[in-house]
Amino acid sequence: MIDLCSQESKPLLSVDEALATIKAAVYAVEESEKVVLKNALGRVLSEPVYSAINSPHDRNAAMDGYAFSSQAISHEQSFTLNLVGTSWAGRPFTGLLQPGQCIRIFTGAVVPEHADSVVMQEQVQVNGQTICFSANTPTGQHIRQVGEDIKQGVLLLAPPKKLNAIDLGLLASAGIDEVTVKRPVRIAFFSTGDELTALGQPLASGQIYDSNRYTLCGLLTDACYRVTDRGVIADNRQLLEESFIEAAKNHDVIITTGGASVGEADYVKEILERCGNVNFWKLAIKPGKPLAFGKIGDCCFFGLPGNPVAVIVTFKYLVAPALRQLSGAPEAKSFQLTATCTMPLKKAPGRQDYQRGILTQDQTGEFFVASSGKQGSNILSSMSHANCYIVLPTECTGVKAGDKVRVDLIGDIDLI
């Protein structure tokens, strides 16, 4: 598709084509390491985990009440039992439960060998050491059986599972104290540009603060990544080339922002061609057309645009899937919705457009979306206000109020 906005002389690579090219060039890290369970959150399993125990390990009570044997009891009539002890969680009853007897029992406490029933404490009457049960008292209930949750030898989790908080609890319940996971992906990132000024310093005319590195620092916060912030590099060919080559020696991925366009001081593509290879440059995406992807040796290189919203969009749709693949995690598809657009949206054909939007839901469950503000690729405020992207396909020429549009959620969405 020709990008009418920039009058390109040849078709630009689509987002799907670019993503396929990246996936074909990226391989998951092979090395693994053992980590203690408390440090395993967010890591990717590289070996299966089996349970060495049954869970529950003993029969135990599902609630507070009284445990007894129902063998010699007439269920149609009320009955009384003598209270002979207590089973606490962690302190089992050590006696032998006889017919006509019961024990007080608490949730999680071991059920005595000859007991087959636990009755809730609210369903009995207590008269000293005599416990009175009503007619039709339910029996054979409220006991958790050995191995009811996990049986010894069963597969708990298989690679390439990315471990979440619930997984850690599951493993801990089976007594697992360490797991084997993929090593972290080593990532170096930096900004390029003579115009960038560090925070805390006054702005001179023509200068801007370097926001992209702080955005990337947040986007790269993941237990699967080991990230190095290499700061700001000036628009200097030799310095940039030396920085690229040095970073490629001990990193799996390099991410830069700025310098990927066609200006006289935009050197990223030129340097990447000289010290590595360029798989593609320029995409049919808005914002974010000037994006370079290639390799320096075995190190993947992403030269992202300099405009901050373009950095965020291209990271989500192109860089993040590549990093996930490198980490060994299974592919994750973004959650998409169809919503009614409540306002007209401008769009020229030629590039797939990711406009910032605000998604809402009415009392009937229907979704609505509107623009979050100005859509320039330098406008971070509308990006901050947004909770979704309104995805307009390449051939789209605009949206009218009332049209249905595709919506991609941004992070953990808060519906308004």
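The values are calculated or read from the model by the stated rules, or taken from the named source; none is laboratory data. For clarity, every value in this text was computed on a predicted model and none was experimentally measured. Every residue, glycine among them, receives a Cβ derived from its backbone with ideal geometry; neighbour counts consider all protein chains shown.
Could you please tell me which pairs satisfy a Cβ distance under 8 Å, a separation of 6+ or placement on different chains, a first residue in the range 87-107 that is among the basic types (Lys, Arg), and a second residue that is part of a loop (DSSP other than H, G, I, E, B)?
Matching pairs, first to second residue: 91/109.
Checking the condition over 30 Å from residue 179 (Cβ atoms) and modelled with pLDDT of 95 or more, which residue from 81, 163, 96, 156 passes?
Values: 163 fails: over 30 Å from residue 179 (Cβ atoms); 96 fails: modelled with pLDDT of 95 or more; 156 fails: over 30 Å from residue 179 (Cβ atoms).
Exactly one of 81, 163, 96, 156 is over 30 Å from residue 179 (Cβ atoms) and modelled with pLDDT of 95 or more, namely 81.
Could you give every pair whose Cβ atoms fall below 7 Å, whose first residue belongs to the range 38-55 and is outside the structural domain of residue 156 (by TED's automatic domain parsing), and whose second residue is of a type in the set (Phe, Trp, Tyr), counting only separations of at least 6 or pairs across chains?
Every condition considered, no pair remains.
With 359, 326, 318 as the choices, which residue is within 21 Å of residue 224 (Cα to Cα) and either without any contact (Cβ under 8 Å) to a residue 12 or more places away in the chain or in contact with a Cys (Cβ under 9 Å, 6 or more places away or on another chain) (or both)?
326
Condition test on residue 188, is it over 29 Å from residue 322 (Cα atoms), touching a strand residue (DSSP E or B) at 6+ places or on another chain (Cβ under 6 Å), touching a residue at least 40 places away in the same chain (Cβ under 8 Å) and of a type in the set (Gly, Ala, Ser)? Can you show your working first?
Working: over 29 Å from residue 322 (Cα atoms): no; touching a strand residue (DSSP E or B) at 6+ places or on another chain (Cβ under 6 Å): yes; touching a residue at least 40 places away in the same chain (Cβ under 8 Å): yes; of a type in the set (Gly, Ala, Ser): yes.
So residue 188 fails the test.
Those residues that are of a type outside the set (Ser, Thr, Tyr) and closer than 14 Å to residue 117 by Cβ, I need them from the range 80-99; list them, please.
Start the filter on the range 80-99 by keeping residues that are of a type outside the set (Ser, Thr, Tyr), which leaves 81-85, 88-93, 95-99.
81, 97, 99 - these are the residues of the range 80-99 that are of a type outside the set (Ser, Thr, Tyr) and closer than 14 Å to residue 117 by Cβ.
So residue 306 fits all but one of (1) part of a loop (DSSP other than H, G, I, E, B); (2) over 30 Å from residue 275 (Cβ atoms); what number is the exception?
Result: residue 306 passes all but (2).
Output the strands (runs of 3 or more DSSP E) that fall wholly within the range 94-154 and possess 2 or more residues being under 44 Å from the mean Cα position of the chain (by Cα) and within 21 Å of residue 71 (Cβ to Cβ), or say none. Quick ask: steps written out before the conclusion?
Details: elements: 101-105, 117-120, 124-127, 130-133.
Filter on the range 94-154 gives 117-120.
For the range 75-89, how many residues are under 8 Å from residue 109 (Cβ atoms) and loosely packed, with under 13 Cβ neighbours inside 10 Å?
Final tally of qualifying residues: 0.
Checking residue 141 against (1) surrounded by 13 or more Cβ atoms within 10 Å (Cβ to Cβ); (2) among the polar types (S, T, N, Q); (3) touching a helix residue (DSSP H, G or I) at 6+ places or on another chain (Cβ under 9 Å), which single condition isn't satisfied?
The number of the failed condition is (3).
Just one of 275, 341 is of a type outside the set (A, V, I, L, M), in the same structural domain as residue 392 (by TED's automatic domain parsing) and touching a strand residue (DSSP E or B) at 6+ places or on another chain (Cβ under 8 Å); which is it?
Values: 275 fails: in the same structural domain as residue 392 (by TED's automatic domain parsing).
Every option except 341 fails the conditions.
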